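Worksheet: the structure to be examined is printed underneath.
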Amino acid sequence: HKSRLLDTLEVIKEHSNGLTAYEIASLMKWNMRGKSWSEFPDNQKWFAVGETLSHLDFLINENKIVKFKSDDIYKYKLK
């Protein structure tokens, strides 16, 4: 859990304008056996984004990041 939170924060720190949950998940470290995110099966992407959303909610509750709306799309950035 701690390493996933740190990975999530690192991705967000590198993109100060904010990213969607999908974009964050696509930039995180996953055990994909050498495959790139684009080769990751859609159902696995779905689970990865769900896990990412859980960590994003936790980080919001810890006042580490904020969720904001940009062009009707939710994004996340450092607080």
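The values are calculated or read from the model by the stated rules, or taken from the named source; none is laboratory data. Predicted model only: the values in this text are computed from it and were never measured. Every residue, glycine among them, receives a Cβ derived from its backbone with ideal geometry; neighbour counts consider all protein chains shown. For the accessible areas, the whole protein counts, side chains as well, though only heavy atoms, and no ligand, DNA or RNA atoms are used. Shrake-Rupley method; radii C 1.70, N 1.55, O 1.52, S 1.80 Å.
Among the residues of segment 3-22, how many are touching a residue at least 40 places away in the same chain (Cβ under 8 Å) and in contact with a strand residue (DSSP E or B) (Cβ under 9 Å, 6 or more places away or on another chain)? Before you say what the answer is, go through the steps one by one.
Filtering segment 3-22 for residues touching a residue at least 40 places away in the same chain (Cβ under 8 Å) gives 4-5, 8-9, 12-13, 15-21.
Now restrict to residues that are in contact with a strand residue (DSSP E or B) (Cβ under 9 Å, 6 or more places away or on another chain): 8-9, 12-13, 15-21.
The qualifying residues number 11.
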- Are there any pairs with C-beta distances below 8 angstrom linking a residue in segment 56-79 that is closer than 12 Å to residue 9 by Cα and at pLDDT 95 or above to a residue that is assigned to a helix (DSSP H, G or I) and open to solvent by 50 Å² or more (accessible area, probe 1.4 Å), with the two at least 6 apart or on different chains, and if so which? 78/13
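Looking at the structure I just gave you, is residue 2 loosely packed, with under 11 Cβ neighbours inside 10 Å and either more than 13 Å from residue 75 (Cα to Cα) or at pLDDT 95 or above (or both)?
Details: loosely packed, with under 11 Cβ neighbours inside 10 Å: yes; either more than 13 Å from residue 75 (Cα to Cα) or at pLDDT 95 or above (or both): yes.
Yes; evaluated as a whole, the condition is true for this residue.
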- Message: What's the total number of residues in segment 6-43 that are surrounded by 14 or more Cβ atoms within 10 Å (Cβ to Cβ) and polar (S, T, N, Q)?
- Response: 3
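Suppose we filter 65, 73 for residues that are β-branched (Val, Ile, Thr) and open to solvent by 30 Å² or more (accessible area, probe 1.4 Å); which single one remains?
Numbers: 65 fails: open to solvent by 30 Å² or more (accessible area, probe 1.4 Å).
Only one candidate passes the filter, namely 73.
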